[in-house]
Structures are given as structure tokens and as C-alpha cells.
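Everything below concerns the one structure shown next.
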Amino acid sequence: MRTGKDIAVIGSNMVDLISYIRRMPREGETLEALDFHMDCGGKGANQAIAASRLGSRVLMLTRVGNDVFAANTVDNFARNGIDTSHVLTTEASSGVAPIFVDEDSRNSILIIKGANGHLSPDDVRDAEDDIASCRLIVLQLEIPLETVYEAITLGRSHGVPVLLNPAPADPDLQLERIRGCDYIVPNETELAMLTGMPTDTLDDIHRAAAVLRETGIPNVIVTLGEQGALWLSDTGERHLPGIPVTARDTTGAGDAFIGCFSHHLVRTGDVERSLELAIRYSADSVTKRGTQASFATAEEFDSVLQDLTD
Ligand code: RIB
């Protein structure tokens, strides 16, 4: 029987090992970190959790390893109301991400894909009926590219819109194989990688985004951190401003944005309003420490929105 969920997230899960540091150690140096926090992470899982906390019905297709981390990851999905019937197990380590957050709240992330590297095009085909009954497919690049391409093809063949967050930037991503997406949501770094163009200034970003749109993807959305987001579509260009906040930890802010945007897009179809809300949700997440720990529930986000209007 089909699940009929709102959103199918096909992507990664990781265990985030977050060290809060003054500065990165130099080669050969041992430094004491200020603090440590372990959280559930991975771009796919983060986006799924954000959308689910806001009230979307989310299906997650992902692979966990056969280690101590796996059960906690699956429990975390279930606790957050996510359909785990397509969470698969692999004879490998789970995905792990050592993360360093400095005193200016900037992060550096290493990812060890582990089981995520085994999520295959066959896994997508095996879940075809359930994915096809969703209203949006959400993808990122912490799984094999062939799996991403297969999910785009599947979405197209069933008329399910596809959103691709091309993160982390991957030089092997083939533009001609992602043309079937309806939404592409890169940050400046990923946009530079996708187009081979500079993205140092807002003018640069406008130019690069316009070139990306010429590939035929109807909606190009560039996330700009504290500067908000830029949206290009056949209705023109819109720069939606950022929300000034005091950042404590920016880990997962892009995923908070995608999860919130996807949730509101599916509910309303209003891209501009969904972007405004995603900017606010993501800004709220950077005021708190941790990855998924910083993602608000629907009730918490309502009060954030209320505070912003007061
Ligand atoms: O986008 C943030 C995420 O990137 C972290 O949760 C980490 O796991 C990596 O996937």
C-alpha cells in the first residue's frame, strides 16, 4: 500500500561530533576544545527532521550502518514522526561527521559517508511506489550521484516535483543529468562549483544564478546566509533579505532552510512566502547550539514569528 506522505527525503544521515573550539589546531599540535556535543545530523536527515517538526509527513530513504550509532539514528527518526520503513541497514560504519565550531560560530565539517555511500539506484527503485505518492522529493549530495540521478528520473516519470540541494559541492555532478529538477538550492560555494563562475559579490551571484537557470531548471534559489536568499524563476528575480541574529552555531542552517522551505512549499505552493519563512527558521536555528537540536518545532517557530512581528 502507498504511504501518501508529503515529502520523500532521499539522502544521508550522520552522527555529528561537534567540538567547540577557539581555533583549529596546527599540524602536530594538541589543543583542548571548549566543549563537545553529539547530535543526529547528515544533510538528508536534517532536512527531513526540520520538515517533520514543522508538521509535514515525511518519508526517509537512507542507509544506516551496523554499529552502535544505527539504533539511535532510527529512533531519532521515529521520535520525530518520520516514516522509517525505507531506512535500510548496511554492513558498514554509519555516516559520521566531526565538526569544529569556532568562537565566531563558523564551522568546518568532515564527512565520513559510511553506509550513506551504499544507498543505490536500486534502493530508489525498490521504494518507487511510496516515493511516487509523495508531493515533493528532496535530494542532496551525500549519497552516490547515480542514486541522485535515479531519484530525479523517478520524480519526473511520476510528476513529483524534485528539489535538489547540491551540497556538499561535488565537481563530478553532471548538470545535464539534473535538468529534471524543479528547484535547485545551492549556497554561494556550490553555485560557483556548478557554474565555474565567481560568486564573491552579489552581482557575481546574480550572474552565476542566471547561467544556472539557463540549464532549464525552473527555480534557482541561492542561499546567502545572513543576506537571505536569491530566487530566479520565469517570474523574474527576487532577493529576499536575511534576518539579523547573533549566531552561536551555524551547523545545519542550510538544512533548516531547506526543510522549512519544503514544508511550506508543499502546503501552500507559494515559493516566495515559503522562502521568507525558511530564512526566519534558519536564522532562528543559528542562535542555538547543535544541528537538529537547533531546529524549532511548529509551536516554537510560531512564537519566533510572533517575536519578529512584535
Ligand atoms: O549541513 C550540516 C550537516 O553536514 C551536518 O549535520 C553534517 O552531518 C554534514 O552532513
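None of the figures in this text is laboratory data; all of them are computed from the coordinates on show. Remember, predicted model here, so these are calculated numbers, not experimental data. Methodologically, a virtual Cβ is constructed for each residue, glycine included, from the backbone with ideal geometry; neighbour enumeration extends over all protein chains shown.
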* Cα centroid separation - the range 249-270 against the range 60-74, whole Å -> 23
* **Charge dipole (debye, nearest 20) of the range 65-191; +1 at Cβ of Lys and Arg, -1 at Cβ of Asp and Glu** => 240
* Asked: Rg (Å, one decimal) plus Dmax (Å, integer) for the alpha carbons of the chain?
  -> 18.3, 57
* Asked: Which length gain, in nm to one decimal place, applies between Thr189 and Lys288 when the Cα-Cα distance is subtracted from 0.36 nm times their residue separation?
  -> 33.3 nm
* To do: For the chain, give the magnitude of the charge dipole about the Cα centre (Cβ charges: +1 Lys/Arg, -1 Asp/Glu; no others), in debye to the nearest 20.
  => 440
* Asked: Of Asn116, Leu164, Ile99, whose Cα points farthest to the positive end of the dipole of the range 91-181 (charges on the beta-carbon: +1 Lys, Arg; -1 Asp, Glu; origin at the Cα centre)?
  -> Leu164
* Report the residue, chosen from Ala45, Ala247, Ala115, that carries the largest GNM mean-square fluctuation when the chain is represented by alpha-carbon nodes joined by springs under 10 Å. => Ala247
* Structure fact -> In a Gaussian network model of the chain with springs linking alpha carbons closer than 10 Å, the residue among Ser93, Ser262, Ser52 that fluctuates most is Ser93
* Asked: For the range 224-283, what class follows from the C-alpha gyration tensor (a ≥ b ≥ c being the square roots of its eigenvalues): rounded when a/c is under 1.5, otherwise prolate if a/b is larger than b/c, else oblate?
  -> oblate
* Asked: Any idea how far apart Thr235 and Arg267 come out in nm if each label point goes 7 Å out from Cα toward Cβ?
  -> 1.8
* **Mean shadow area of the range 30-163, taken as a quarter of the surface of its Cα convex hull (nm²)** => 9.4
* Which value results for Rg/Rh of the range 1-58 when Rg is the Cα radius of gyration and Rh the Kirkwood radius based on the inverse mean 1/r? -> 1.23
* Please list the equivalent ellipsoid semi-axes of the range 12-108, computed as the square roots of five times the alpha-carbon gyration tensor eigenvalues, in descending order and whole angstrom. => 29, 16, 9
* Of Gly42, Gly28, Gly242, which has the largest mean-square fluctuation in a 10 Å C-alpha GNM of the chain? -> Gly28
* Could you work out the Rg to Rh ratio of the range 71-225, with Rh taken as the Kirkwood radius (inverse of the mean 1/r over all Cα pairs)? => 0.98
* **Value of [θ]222 nm, deg cm²/dmol, for the chain, DSSP H segments ≥ 4, -39500 (n - 2.57) each, nearest 500** => -11000 deg cm²/dmol
* Can you tell me the FRET efficiency between Ser133 and Asp67 if r is taken as the Cβ-Cβ distance and R0 is 35 Å, rounded to the nearest 0.05? => 0.65
